[in-house]
1. Hey, among the residues in region 80-106 that are buried (at least 20 other Cβ atoms within 10 Å of the Cβ) and of a type in the set (A, V, I, L, M, F, W, C), which one's nearest to residue 117 (Cα to Cα)?
2. If you go through region 52-72 one residue at a time, do you hit one that is over 12 Å from the mean Cα position of the chain (by Cα) and over 30 Å from residue 126 (Cβ atoms)?
3. Here is a list of conditions, (1) open to solvent by less than 60 Å² (accessible area, probe 1.4 Å); (2) charged (D, E, K, R); (3) at pLDDT 95 or above; (4) within 17 Å of residue 31 (Cα to Cα), and residue 114 meets all of them except one; can you say which number that is?
4. Based on this model, can you work out whether residue 29 counts as surrounded by 17 or more Cβ atoms within 10 Å (Cβ to Cβ) and either modelled with pLDDT of 85 or more or farther than 18 Å from residue 134 by Cβ (or both)?
5. Residue check: is residue 113 among the small types (Gly, Ala, Ser) and out of contact with any Cys (no Cβ under 8 Å at 6 or more places or on another chain)?
6. For region 73-85, give me the residue count where each residue is of a type in the set (Gly, Ala, Ser) and touching a helix residue (DSSP H, G or I) at 6+ places or on another chain (Cβ under 6 Å).
7. Need pairs with beta-carbon distance below 6 Å; first residue closer than 18 Å to residue 165 by Cβ and touching a residue at least 12 places away in the same chain (Cβ under 8 Å) and within region 123-139, second among the small types (Gly, Ala, Ser) and in a loop (DSSP other than H, G, I, E, B); sequence gap 6+ or separate chains.
8. Can you pull out the residues in region 113-138 that are outside any loop (DSSP other than H, G, I, E, B) and either farther than 16 Å from residue 73 by Cα or among the small types (Gly, Ala, Ser) (or both)?
Amino acid sequence: MNSLFRALFKLAGGLSRAGENAYRQDYDLRAGTYDSVETRPPLKKITAEFISELGLRPGMICLDLGCGTGYSSLLLDQAVRPSGLVEGCDNSEGMLREAAKLRREALPVTRFARAGMLEFLGGRPDNSADLIGSFWSAEYSPLDKVLGRIYRVLRKGGTAAMLINTHESLAELQKTVLPVLLRHPGYIKCFPPINFP
């Protein structure tokens, strides 16, 4: 990622309200358009292909950390029906409202909770999940602590699966955002703080 792009996002993070609250508020505001504007078809395709390779089967218990609007929960739900269970958590009420709409339409074995990843995992019993996934959201929590809790909650032989933004996955964002910021530098005040891996 080029240094100008990093500097611009560092500045955006400094101008925005710092921390978890800023992320939550930003996602609350974007929830209604998130799936149509921000979750690009290539990201959905990557997520679907990744989840399809996890060996899911009916009856499994899956946790979806940072579930957002529920797209990854939907994929998990379809794989573990009819006797499985999917539980998703997210800090954003707006995103969970969108997920609840999807649940009413197509998620018979899924439940959602408003909680951060650490809080959600902290309330889970030991050895209680077959799969714990975080699809494009792990970078919003302290990964070392999340992994420690995943280890405790995951059943022996279970699977932890994560898709994490990296330099390569942020390339499309860079191509889209950088030209806008260069033409309209004042927009930087509207960007949430962004965690780079």
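The values are calculated or read from the model by the stated rules, or taken from the named source; none is laboratory data. Remember, it's a predicted structure, so these values are computed and weren't measured experimentally. Every residue, glycine among them, receives a Cβ derived from its backbone with ideal geometry; neighbour counts consider all protein chains shown. Ligands, DNA and RNA are excluded from the accessible area calculation, which covers all protein heavy atoms including side chains. Shrake-Rupley method; radii C 1.70, N 1.55, O 1.52, S 1.80 Å.
1. Our first condition is that a residue be buried (at least 20 other Cβ atoms within 10 Å of the Cβ); within region 80-106, this holds for 80, 84, 86-92, 94-96, 98-99, 103.
Next cut, of a type in the set (A, V, I, L, M, F, W, C) only: 80, 86, 89, 95-96, 99.
Values: 80: 22, 86: 15, 89: 7, 95: 15, 96: 14, 99: 17 Å.
Step by step, filter region 80-106, then rank; the result is 89.
2. no
3. The number of the failed condition is (1).
4. Details: surrounded by 17 or more Cβ atoms within 10 Å (Cβ to Cβ): no; either modelled with pLDDT of 85 or more or farther than 18 Å from residue 134 by Cβ (or both): yes.
No.
5. Working: among the small types (Gly, Ala, Ser): yes; out of contact with any Cys (no Cβ under 8 Å at 6 or more places or on another chain): no.
Considered against the rule, which asks whether it is among the small types (Gly, Ala, Ser) and out of contact with any Cys (no Cβ under 8 Å at 6 or more places or on another chain), residue 113 comes out as no.
6. 0
7. So the pair list comes out as 134/66; 137/66.
8. 113, 118, 119, 121, 122, 129, 133, 134, 138
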